[in-house]
1. Could you please tell me which pairs satisfy a Cβ distance under 9 Å, a separation of 6+ or placement on different chains, a first residue in the stretch 75-99 that is touching a residue at least 40 places away in the same chain (Cβ under 8 Å) and of a type in the set (S, T, N, Q), and a second residue that is assigned to a loop (DSSP other than H, G, I, E, B) and surrounded by fewer than 17 Cβ atoms within 10 Å (Cβ to Cβ)?
2. Which strands (runs of 3 or more DSSP E) sit wholly inside the stretch 14-110 and have at least 1 residues that are in contact with a strand residue (DSSP E or B) (Cβ under 7 Å, 6 or more places away or on another chain), modelled with pLDDT of 95 or more and of a type in the set (Asp, Glu)?
3. Select, from Arg85, Arg140, Arg128, the only residue that is on the phi > 0 side of the Ramachandran plot and surrounded by fewer than 16 Cβ atoms within 10 Å (Cβ to Cβ).
4. Select from the stretch 111-141 the residues that are over 22 Å from Thr82 (Cβ atoms), out of contact with any strand residue (DSSP E or B) (no Cβ under 6 Å at 6 or more places or on another chain) and in a loop (DSSP other than H, G, I, E, B) and list them in ascending order.
5. Can you pull out every residue in the stretch 67-110 that is within 14 Å of the chain's Cα centre (by Cα) and hydroxyl-bearing (Ser, Thr, Tyr)?
Amino acid sequence: MLQGIIITYLKKHEDLRGWLAEIYRSDEIPSTQNPTMAYVSLTLPGVSRGPHEHLEQSDFFCFLGLSRFRVYFWDNRPESSTYRRHETFETPEGALMAVNVPPKIVHGYKNIGAAPGLVLNFPNRLYRDKFKKGKVDEIRYENLANSIFKID
């Protein structure tokens, strides 16, 4: 796996009411990547999000196990021991997974399941900075014709 990527299978604590899973703990990821905000997205079957990268922001995705996803990473950090490597993995059926993506790793995902999929994200930077008045920290590659970053 690329240097700095953290993938965690989340443990379900089940009882008669249903289940609970800890998604995020500040003692389990680097303090520089602790979340600052949160959002949820629904991705339809066959649909991709990304690829894109952030220069300063870390993303902390939680795949909720309602569908299956193929997740893509390209290391775009010249100082990294895994520079220019590409990794892909698939979330198992029904698995709750957390994926921490540090800055400068190009990333994206595709819903490869039959059902809509819910994904939570807990980035460590505010979208467009305080009060949504700043620049978005995002370089998008999905619409560039000659991009080496492709989601299939």
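The values are calculated or read from the model by the stated rules, or taken from the named source; none is laboratory data. Small disclaimer: the values here were computed from a predicted structure and weren't measured. Virtual Cβ from ideal backbone geometry, glycine too; neighbours counted across all protein chains shown.
1. Ser80/Gln3; Ser81/Gln3; Thr82/Met1; Thr82/Gln3
2. On the way: elements: 18-20, 39-43, 48-53, 59-63, 69-75, 86-90, 97-101.
Answer list for the stretch 14-110: 48-53, 59-63, 69-75, 86-90.
3. Details: Arg85 fails: on the phi > 0 side of the Ramachandran plot; Arg140 fails: on the phi > 0 side of the Ramachandran plot.
Every option except Arg128 fails the conditions.
4. Gly113, Ala114, Ala115, Arg125, Leu126, Tyr127, Arg128, Asp129, Lys133, Gly134, Lys135, Val136 - these are the residues of the stretch 111-141 that are over 22 Å from Thr82 (Cβ atoms), out of contact with any strand residue (DSSP E or B) (no Cβ under 6 Å at 6 or more places or on another chain) and in a loop (DSSP other than H, G, I, E, B).
5. Scanning the stretch 67-110 gives Tyr72, Thr88, Thr91, Tyr109.
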